[in-house]
Amino acid sequence: AQSVTQPDIHITVSEGASLELRCNYSYGATPYLFWYVQSPGQGLQLLLKYFSGDTLVQGIKGFEAEFKRSQSSFNLRKPSVHWSDAAEYFCAVVHRAGKSTFGDGTTLTVKP
Amino acid sequence: DVKVTQSSRYLVKRTGEKVFLECVQDMDHENMFWYRQDPGLGLRLIYFSYDVKMKEKGDIPEGYSVSREKKERFSLILESASTNQTSMYLCASSKSLGLYEQYFGPGTRLTVT
């Protein structure tokens, strides 16, 4: 069965520091992976996606993610965090039937 | 830009009431989804629809039903609301069956008292 694990429930970083959010997946075939962000009181917005090809993908707001098949991981990174990045982040794998399995989310707090 | 709208941002209902949550998308997407979101539990799929009048149960369909009479509109129905259905409800849509991202509405925070 498909599953997505985000090991960190909550992460706190200082503004300007680098960020890495972890995501591990379990999927029988080639995974198609997404990162979404949810600002307080809002719905989810797509940050980036990986379907195939280059394993380092760029997204919006300066985020990037690296797909590592050997580690079953798709970690999200940002070199310098801004206060406006404080939000909840979700990793997801999409199935061929069009449904997605989401991780439980990681809440990011940014310290001034 | 794809727009997914939900009829209410906040809703307060009494136990036993019938509750309708409406969702509309404006990009001719075939797939529509209803999730509930609770702290520490992530997003859990209630129902989804891949075509008009077609629906499929998700992971937690008990206590809910859905209706999709028109392609752009997907309704979630709580036949008899209970306090354990107090939650954030998110609607989403995607282009079609296949490997497409989902577009989300802003959510409806439902409180059942």
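Could you tell me what fraction of 2.2 N^0.38 Å the Cα radius of gyration of chain A comes to, as a two-decimal ratio?
Numbers: Rg = 13.4 Å, N = 112, 2.2 N^0.38 = 13.2 Å.
For chain A, the normalised Cα radius of gyration is 1.01.
Per residue of B:94-102, what is the mean number of Cβ atoms on other protein chains within 10 angstrom of that residue's Cβ?
Values: counts 4, 1, 1, 5, 6, 13, 6, 10, 11.
Neighbouring Cβ atoms belonging to other protein chains average 6 per residue here.
Along the principal axes of its C-alpha atoms, what lengths does region B:1-92 span, in descending order and rounded to whole Å?
Rounded to whole Å, the extents work out to 35, 24, 23 Å.
Kirkwood Rh over alpha-carbon pairs of the protein assembly as shown, then Stokes-Einstein at 25 °C and 0.890 mPa s: what D in µm² s⁻¹, rounded to an integer?
Values: Rh = 18.0 Å.
Roughly 136 µm²/s, to the nearest whole number.
What residue among B:Arg44, B:Arg68, B:Arg14 shows peak mean-square fluctuation when chain B is described by a Gaussian network model with Cα springs under 10 Å?
B:Arg14
Residues with beta-carbon under 14 Å from that of B:Arg109, excluding B:Arg109: net charge, scoring Lys, Arg +1 and Asp, Glu -1? Walk me through the numbers before you get to the answer.
Details: positive: B:Arg9, B:Lys13, B:Arg36; negative: B:Asp38.
Charge balance in the 14 Å sphere: +2.
Cut-off 17 Å, label point 7 angstrom out along Cα-to-Cβ of B:Asp38: give me the residues of region B:72-113 whose amide nitrogen falls inside.
B:78-90, B:108-113
Need one number: nm distance between label points at A:Ser84 and B:Phe20, each 7 Å from Cα along Cα→Cβ, rounded to one decimal.
For A:Ser84 paired with B:Phe20, the spin-label model returns 3.8 nm.
Which one of A:Asn24, B:Val12, A:Gly98 is farthest out on the positive end of the charge dipole of the protein assembly as shown, using unit charges on Cβ (Lys, Arg +1; Asp, Glu -1) and the Cα centre as origin?
Farthest towards the positive pole: B:Val12.
What residue among A:Gly98, A:Gly53, A:Gly28 shows peak mean-square fluctuation when chain A is described by a Gaussian network model with Cα springs under 10 Å?
Highest fluctuation of the listed residues: A:Gly98.
Using a Cα-Cα cut-off of under 24 Å, which lysines could be cross-linked to B:Lys71, ignoring same-chain neighbours fewer than 8 residues away?
Here the lysines satisfying the reach criterion relative to B:Lys71 are A:Lys99, B:Lys3, B:Lys18, B:Lys53, B:Lys55, B:Lys57, B:Lys95.
So what is the relative contact order for chain B, in percent, with contacts set as C-alpha pairs under 8 Å and at least six apart? It would help to have the intermediate numbers written out before the result.
Numbers: 301 pairs, mean separation 41.0, N = 113.
Over chain B, the number comes to 36 percent.
Could you please state, rounded to a whole Å, how far the C-alpha centre of region B:60-113 is from the C-alpha centre of region A:5-41?
After rounding, the separation between the Cα centres reads 24 Å.
Under 10 Å, Cα contacts only: if you run a Gaussian network model on chain B, which one of B:Glu22, B:Glu30, B:Glu56 comes out with the highest mean-square fluctuation?
The residue with the greatest mean-square fluctuation here is B:Glu56.
Readers should treat all values here as calculations from the given coordinates under stated rules, not as data from a laboratory. Please read all numbers here as calculations on a predicted model, not as lab measurements. Methodologically, a virtual Cβ is constructed for each residue, glycine included, from the backbone with ideal geometry; neighbour enumeration extends over all protein chains shown.
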